[in-house]
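The values are calculated or read from the model by the stated rules, or taken from the named source; none is laboratory data. Keep in mind the model is a prediction, meaning the values are calculated, not measured. Because the Cβ atoms are built from the backbone with ideal geometry, glycine has one as well, and the counts that use them run over all protein chains shown. The protein model used for the area step is the full one, side chains on, heavy atoms only, and it has no ligands, DNA or RNA in it. Shrake-Rupley method; radii C 1.70, N 1.55, O 1.52, S 1.80 Å.
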Amino acid sequence: GLPPTKIVPFISERPNGVFSRHSLDDWHRSNMTNYKESETTRHNAERLRADLTRTIKDVYQQAKRTQGESTKNLGERVNDIEYWKSELCIELDAMIRETNSLTDMQKRLERALADTEGPFQVAHKCLLNREKRMGIDLVNDDVEKQLITEIKTIRSCRERLQQCLDTVNCQLMCNKEARQELEKDLADKQMGHHIDSKCYQLKNTSRGIHYYKGVERVDATVSVPETWARFTDNNIFRSQSARAASAKLRASTESLLMGTADEMWRQFSKVNDAFTSRITETANAKSKIQTHLAKTRQEIFQIETKIQVIQKTIRDKEVQLKVAQTRLDERTRRPNVELCRDAAQIRLVQEVNEINETLRNLHQCLRASEDMLQMLVRSKGVLEHDLVVKNNSLFIDQERCMGMRKSYPSTVQILGYV
């Protein structure tokens, strides 16, 4: 078990039986050599221990410095992530509020667009109902012109509202995409913050630390700090741009709602004014027709009475004529010289002539009265028919059309506030 230099040499027997011996000088030299080797070895050991102490101290200091720098970098990284997390949260909250506001505006647009269907149908029904007017009342009056204008106005407003609704839907999609990018980036930031915070808090005495051989050679990074910050900044800028466009669109939509509601309401009022004016005009015409009809009926009654008087007078004159002619006929039977053209004969002849003339005049008056009666009856029929026409027009305009137009939605409903 001894090293080769320490093995006791084999002592062989000399032929004379005497062991070989070292000299004293060899012994002293050997001791001095061993002493020097020991001192050299110890000196080297002391120097090595000093070097090791410095090395160990340097290792600890280097490890502490390196680990401190890594910890500091991790802390700065955590702070950077917290900053961008804060910016993302602020922008995400603003985007959510803006999207909710735009969604409310979308609902108002949809309600306003739906509320225009009622007035549109009412205007169409009014036109269809007014086609049922009769006779001379079937005219292209101001009411009809205003109704056609109202239909065009409502159709134009509906088209503008639909275009605006399509634009709002597209903007909502842009807001949704920007929000999803923010949420995804924020989720990545939260995960990265959690991981880096965990790494920042790790110490030499922490649990869960292990060897992961070769992990330092694995480079799974996909960005550098500049591209990393620029990526989030671009997401925030994209969201801010979408929010600005959304706010501008909301303002223009609000203006469009106000404008279309005011436009339709003003045209609705014009149509109502035209209806009111036309109804008043028709009612006045109806009142005048009723007055003329009453006078015509009174005149018919008086003409009929006069005709009856003339007929009675004719009958009376015919009886008187019969008496005069009977007298003349009887006097023709007087004998001989009694056939005298006396004053009685002359008067009877005059009487017959006078009665015949009177009868001719009375018959002319009777024919004239009967003709006038026919004209009055015809005028009465025209007035009665015109009265029916006016009643029908009043019923259509006042009851059917204006009855429907009373249910026109208010401005608040058109603007979509309810």
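Here is how the numbers come out for the structure above:
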| quantity | calculated |
| --- | --- |
| Flag if residue 98 is outside the structural domain of residue 177 (by the TED database), more than 16 Å from residue 233 (Cα to Cα) and charged (D, E, K, R) | no |
| When residues of the range 388-418 are limited to those that are outside any helix (DSSP H, G or I) and of a type in the set (Gly, Ala, Ser), the one modelled with the highest pLDDT | 407 |
| Cβ-Cβ under 9 Å pairs, at least 6 apart or on other chains, the range 61-89 side not assigned by the TED database to the domain that holds residue 193 and among the hydroxyl-bearing types (Ser, Thr, Tyr), far side part of a helix (DSSP H, G or I) and open to solvent by 50 Å² or more (accessible area, probe 1.4 Å) | 70/199; 71/199; 71/200 |
| Qualifying residue in the range 192-199 (condition: surrounded by 13 or more Cβ atoms within 10 Å (Cβ to Cβ), at pLDDT below 90, under 30 Å from residue 269 (Cβ atoms) and acidic (Asp, Glu)) | no |
| Check on residue 205, under 30 Å from residue 260 (Cβ atoms) and of a type in the set (Val, Ile, Thr) | no |
| Unique residue being of a type outside the set (D, E, K, R), under 23 Å from the mean Cα position of the chain (by Cα) and part of a helix (DSSP H, G or I) when the list is 146, 162 | 162 |
| Residue check for residue 278: modelled with pLDDT under 95 and either open to solvent by 50 Å² or more (accessible area, probe 1.4 Å) or under 30 Å from residue 87 (Cβ atoms) (or both) | no |
| Those residues of the range 381-406 which are surrounded by 15 or more Cβ atoms within 10 Å (Cβ to Cβ) and either over 18 Å from residue 134 (Cβ atoms) or assigned by the TED database to the domain that holds residue 121 (or both), in sequence order | 402, 404, 405 |
| Pairs, first in a helix (DSSP H, G or I) in the range 354-375, second open to solvent by 80 Å² or more (accessible area, probe 1.4 Å) and of a type outside the set (D, E, K, R), C-beta under 9 Å, six or more apart | 355/325 |
| Test: residue in the range 201-218 that is more than 12 Å from residue 88 (Cβ to Cβ) and at pLDDT 90 or above | no |
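One line per residue, one yes/no per condition, for (1) under 19 Å from residue 246 (Cα atoms); (2) among the small types (Gly, Ala, Ser); (3) in contact with a Leu (Cβ under 9 Å, 6 or more places away or on another chain):
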position	(1), (2), (3)
104	yes, no, no
107	yes, no, no
119	no, no, no
123	no, yes, yes
135	no, yes, no
167	yes, no, yes
